[in-house]
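Working notes, structure below.
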Amino acid sequence: MNFSLKAPDGTVIESYEKDHKEFIRIAGLEYEVYNPVELDSDPEIRQMIEISEKDIKQGNLYPTDDLIKLV
């Protein structure tokens, strides 16, 4: 599961795989992502992710207030 973290100063930290494990590097130090959460392992969540990705590709964007109402 690759991900990115964005710090308040705009610095982006990308995760990467090495030896079949997930890592991030912060200030020159390498950290293993221990027990990462696989959100897409749940079929219901995977379906929501796929629908969201399709909406984004089609240019369908929704205001935050509308999304909160849906939850």
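The values are calculated or read from the model by the stated rules, or taken from the named source; none is laboratory data. Note that the structure is a prediction, hence the values are computed from the model and not measured. Note: ideal-geometry Cβ built from the backbone for every residue, glycine included; neighbour counts use all protein chains shown. Each accessible area value is taken on the protein alone, full model and side chains, heavy atoms only, with ligands, DNA and RNA left out. Shrake-Rupley method; radii C 1.70, N 1.55, O 1.52, S 1.80 Å.
For the range 25-37, the tally of residues that are loosely packed, with under 12 Cβ neighbours inside 10 Å and either of a type in the set (Ser, Thr, Tyr) or assigned to a loop (DSSP other than H, G, I, E, B) (or both) stands at 5. Restricting attention to the range 38-62, the residues being open to solvent by less than 100 Å² (accessible area, probe 1.4 Å), assigned to a helix (DSSP H, G or I) and not basic (Lys, Arg) number 10.
Looking at this structure, is Glu22 surrounded by fewer than 12 Cβ atoms within 10 Å (Cβ to Cβ), touching a strand residue (DSSP E or B) at 6+ places or on another chain (Cβ under 8 Å) and modelled with pLDDT of 85 or more? When the stated conditions are applied, Glu22 does not pass them.
Close contacts from the range 12-27, counting a first residue that is of a type in the set (Lys, Arg) and a second that is open to solvent by 80 Å² or more (accessible area, probe 1.4 Å), with Cβ to Cβ under 8 Å and a gap of 6+ residues or different chains, come to Lys21/Glu32; Arg25/Tyr31.
Only a single item in (1) open to solvent by less than 70 Å² (accessible area, probe 1.4 Å); (2) of a type in the set (D, E, K, R); (3) out of contact with any strand residue (DSSP E or B) (no Cβ under 7 Å at 6 or more places or on another chain) is not met by Asp65, and it is number (1).
Counting the residues of the range 1-12 that are over 22 Å from Ile49 (Cα atoms) and either touching a Lys or Arg at 6+ places or on another chain (Cβ under 8 Å) or surrounded by 11 or more Cβ atoms within 10 Å (Cβ to Cβ) (or both) gives 1.
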